[in-house]
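What follows is a short report on a single structure.
The values are calculated or read from the model by the stated rules, or taken from the named source; none is laboratory data. All of these numbers come straight from a predicted model, not from anything done at the bench. Every residue, glycine among them, receives a Cβ derived from its backbone with ideal geometry; neighbour counts consider all protein chains shown.
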Amino acid sequence: MKLYNTMSKKKEEFVPVEEGKVKMYVCGPTVYNFIHIGNARPMIVFDTVRRYFEYKGYDVNYVSNFTDVDDKIIKKANEEGVSADEISARYIEECKKDMEGMNIKPATTHPLATQEIDGMLVMIGMLIEKGYAYEKNGTVYFRTRQFQDYGKLSHKNLDDLRSGNRSLLVSGEDEKEDPLDFVLWKPKKEGEPAWESPWGEGRPGWHIECSVMSKKYLGEQIDIHAGGEDLVFPHHENEIAQSEAANGKDFSKYWMHNAFLNIDNHKMSKSLGNFRTVREISEQYDLQILRFFMLSAHYRSPLNFSGELMEASKSGLERIVNAADNLKYISENAKIESMTAEEKENLNQTAQFVKDFESAMEDDFNTADAIAAVFDLVKFANTTADAQGSKEYAKSLYELLVRLTDVLGLIVEKKEEILDTEIEALIAERQAARKEKNFARADEIRDELAAKGIVLLDTREGVKWKKA
Ligand code: AMP
Ligand code: ZN
């Protein structure tokens, strides 16, 4: 299996640190709002990487954090007049709902930065002791130049960085020994969450949390560290400096980064106002379609989000779901039980699709080509299986299709059809439940309808609904 390593800028053969095991860490979102579709890209991509390793029989330990202490969270908390904890707890819960919709497996561990402060104090103390960090007026800085290999991931040269960062010298951080030094611990400001530390009350910098959580849950040496390409520098470069300086060992064998998701050919950003949350998309489409769309491109290619491409993904996925549904129907209703000789021969031929699928995935997780192999299987199934054939043949094809689509995290089970009259009845029941302040039942009905692809819209003229 080959994967592209940002560190060597090459595709490399995957050899795990420990036989049969994969230890991977994926930097998770900062939770101050609903996640956007850009955040969904690494989640979907690396969940698929995990699923493929599991398909190959590896035991995968997958860790992905939630950054629940950060300036943006504090700002949002102040705007709403609530605590930072309330904001992060709310959006972690919402993020988990979106993940479920996109069929992203929960991580083995989802650590929270605020629950790991003790470990951070230990690592920062260790770095100070080894001469890699120093304290000035309650702030602890990492002494970047002390770490000989700094820049090895992003392929940046320290002197170029220094000249490019002259502005840092006049930005109020002139207490630093060197403008390249970065923060490990910062002192408390009024109205901000803070923890006790040997350097006074304060809170950790962003980079230290990942070094600490990765070490705690996966050990000092891991197989894969991943995230979006914007994290290569400075976040991952700084993580390497901290972890390797503290542990005296190479941190991660492979570094994987997904390219960015753009929207209508523009960079997606809040200031441009072209920002789309996963939740918004879920009101229009089943999130399986978003997942299919994300996997239709290679993860290292920039991907453009547009209505047209989502429509194309919708029909692509429908083709697979319809084929699966057809196979299921035949496997339950055909008159013949066992495979004929011709069907046995046909089934042997499907080995080629599996081979194509696996070769695509083993070539740096080329999901676009893997999907093409699934379509070949679909076409083959549509032309060779029908109600005149056997149950056994249709069942074998169905199981094969499910096995491959499951690696991609795509659910091919058709959503149960629901009649308009049933929808109207449930909506009426929900209205009645709301009137009686039975919000639990009202929410239950909304979720039940959502699971069947029905979206409710509360409008001034009453509740309207549409099919996603
Ligand atoms: P953040 O909450 O900004 O730290 O982002 C969480 C994850 O989403 C990181 O791995 C980012 O690299 C990734 N990410 C953010 N925006 C995009 C985007 N537009 N396309 C792809 N990945 C993104
Ligand atoms: Zn991180």
State whether one or more residues within segment 55-72 are touching a residue at least 12 places away in the same chain (Cβ under 8 Å), more than 30 Å from L404 (Cα to Cα) and in contact with a Phe, Trp or Tyr (Cβ under 6 Å, 6 or more places away or on another chain).
yes
For segment 230-256 the number of residues that are touching a His at 6+ places or on another chain (Cβ under 8 Å) and part of a strand (DSSP E or B) is 4
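The rows are residues; the columns are (1) assigned by TED's automatic domain parsing to the domain that holds M7; (2) touching a Leu at 6+ places or on another chain (Cβ under 8 Å); (3) more than 16 Å from ligand 2 (Cβ to nearest atom); (4) at negative phi.
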{"residue": "G200", "(1), (2), (3), (4)": "yes, no, yes, no"}
{"residue": "G205", "(1), (2), (3), (4)": "yes, yes, no, yes"}
{"residue": "V232", "(1), (2), (3), (4)": "yes, yes, no, yes"}
{"residue": "N265", "(1), (2), (3), (4)": "no, no, yes, no"}
{"residue": "V278", "(1), (2), (3), (4)": "no, yes, yes, yes"}
Against the condition assigned to a helix (DSSP H, G or I) and either within 16 Å of ligand 2 (Cβ to nearest atom) or modelled with pLDDT of 95 or more (or both), how does E100 come out, does it pass?
yes
Top-ranked residue in segment 257-277 [being out of contact with any Ser or Thr (no Cβ under 7 Å at 6 or more places or on another chain) and in a strand (DSSP E or B); ranked as surrounded by the fewest Cβ atoms within 10 Å (Cβ to Cβ)]
H266
Looking at segment 67-77, can you tell me whether even one residue there is of a type in the set (S, T, Y), modelled with pLDDT of 95 or more, touching a Ser or Thr at 6+ places or on another chain (Cβ under 9 Å) and over 21 Å from S269 (Cα atoms)?
no
Look through segment 151-169, keep the residues that are among the aliphatic types (A, V, I, L, M) and at pLDDT below 70, and return whichever of them is surrounded by the most Cβ atoms within 10 Å (Cβ to Cβ).
L168
If you scan segment 331-351, which residues turn out to be within 13 Å of A394 (Cβ to Cβ) and surrounded by 13 or more Cβ atoms within 10 Å (Cβ to Cβ)?
S331, A334, I336, M339, T340, E343, N346, L347, T350
Taking segment 43-55 and keeping only residues that are closer than 12 Å to M102 by Cα and not polar (S, T, N, Q), one is left with M43, I44, V45, D47
I want to confirm something. Restricting to segment 15-71 and keeping residues that are of a type in the set (F, W, Y) and more than 13 Å from ligand 1 (Cβ to nearest atom), which single residue is nearest to G409 (Cα to Cα)?
Y52
Residues satisfying the stated conditions in segment 197-237, i.e. in contact with a Cys (Cβ under 9 Å, 6 or more places away or on another chain) and either free of Cβ contacts under 8 Å to residues at least 24 places away in the same chain or more than 13 Å from ligand 1 (Cβ to nearest atom) (or both):
none
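Every residue, every condition in (1) surrounded by fewer than 17 Cβ atoms within 10 Å (Cβ to Cβ); (2) over 23 Å from the mean Cα position of the chain (by Cα), yes or no:
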{"residue": "M361", "(1), (2)": "no, no"}
{"residue": "D369", "(1), (2)": "yes, no"}
{"residue": "A373", "(1), (2)": "no, yes"}
{"residue": "A381", "(1), (2)": "no, yes"}
{"residue": "S396", "(1), (2)": "no, yes"}
{"residue": "L400", "(1), (2)": "no, yes"}
{"residue": "T405", "(1), (2)": "no, no"}
{"residue": "G409", "(1), (2)": "no, no"}
Within segment 238-263, track down each residue that is within 13 Å of ligand 1 (Cβ to nearest atom) and out of contact with any Gly (no Cβ under 6 Å at 6 or more places or on another chain).
E239, W255, M256, H257, A259, F260, N262, I263
Taking the criterion of being modelled with pLDDT under 95, among the small types (G, A, S), within 16 Å of ligand 1 (Cβ to nearest atom) and not assigned by TED's automatic domain parsing to the domain that holds V63, would at least one residue in segment 284-297 satisfy it?
no
Exactly one condition in (1) touching a residue at least 40 places away in the same chain (Cβ under 8 Å); (2) farther than 16 Å from F365 by Cα is not met by M294; state its number.
(2)
Tell me which residues, restricted to segment 281-322, are assigned to a loop (DSSP other than H, G, I, E, B) and hydrophobic (A, V, I, L, M, F, W, C).
A297
